[in-house]
Structures are given as C-alpha cells and as structure tokens.
Amino acid sequence: MAGSPGGREVERLAIRVLPNTSGFGATLQTFLDRIEQRAKVAVRITSDTGGLGTDLREELAAIQARVRIPVTPRRRRLPH
C-alpha cells in the first residue's frame with residue numbers, strides 16, 4: 001500500500017505484545033509513597049466554643065427531663 005506511514009506494505013504480520021508487569025505493584029507502591037510524602041498539608045483548626053456551655057446545659061436538661069425512674073419504698077426497712 002503506497003503512502004502508508006511505514007513505507008510500502010508487502011505483507012501483513014500480526015505480533016502479540018505483552019507488557020512485563022512483574023514488578024509493577026512494588027514500583028507503583030513506591031511511587032505512591034513518594035507522592036504521599038511530598039503532598040502533606042498542615043491544617044490549623046480552631047473551634048468556636050462560645051455557646052458550648054449553654055448548649056450543653058440545654059442538652060443535659062432535656063436528657064434529665066426524659067429519664068423517669070419509679071421508686072416504691074419498702075416501709076418495713078425504713079427506720080421508725
């Protein structure tokens with residue numbers, strides 16, 4: 001075939017090419033570890049605790065209001 005990128009084509013030949021992946025996993029892990037070491041980011045976090053005391057008291061009051069334990073005293077054990 002004239003004009004093909006490789007020149008004139010006389011015959012066709014099929015060649016199966018298989019990549020050598022024997023060390024691919026270890027090489028990839030090493031590469032990813034290097035990227036992870038270089039890509040660390042420091043983040044400063046500050047919390048807003050302005051209303052923490054009020055919120056905590058409200059939550060505790062709601063919990064205490066829901067808990068009801070019936071108590072029936074035994075009269076024979078009470079001191080006279």
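The values are calculated or read from the model by the stated rules, or taken from the named source; none is laboratory data. In this text, all values refer to a predicted model and were calculated from it rather than measured experimentally. A quick note on method: Cβ atoms are made from the backbone with ideal geometry, for glycine too, and the neighbour counts reach across all protein chains shown. With ligands, DNA and RNA removed, areas are computed over all heavy atoms of the protein, side chains included. Shrake-Rupley method; radii C 1.70, N 1.55, O 1.52, S 1.80 Å.
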Are there any pairs with C-beta distances below 7 angstrom linking a residue in the range 39-52 that is open to solvent by 100 Å² or more (accessible area, probe 1.4 Å) to a residue that is in a loop (DSSP other than H, G, I, E, B), with the two at least 6 apart or on different chains, and if so which? none
Scan the range 20-35 residue by residue and report those that are open to solvent by 100 Å² or more (accessible area, probe 1.4 Å) and either assigned to a loop (DSSP other than H, G, I, E, B) or modelled with pLDDT under 90 (or both). Asn20, Ser22
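Would the range 36-46 turn up any residue that is part of a loop (DSSP other than H, G, I, E, B) and on the phi > 0 side of the Ramachandran plot? First the steps, then the outcome.
To start, the set of residues in the range 36-46 that are part of a loop (DSSP other than H, G, I, E, B) comprises 39-46.
Filter once more, keeping what is on the phi > 0 side of the Ramachandran plot: none.
There is no residue in the range 36-46 that is part of a loop (DSSP other than H, G, I, E, B) and on the phi > 0 side of the Ramachandran plot.
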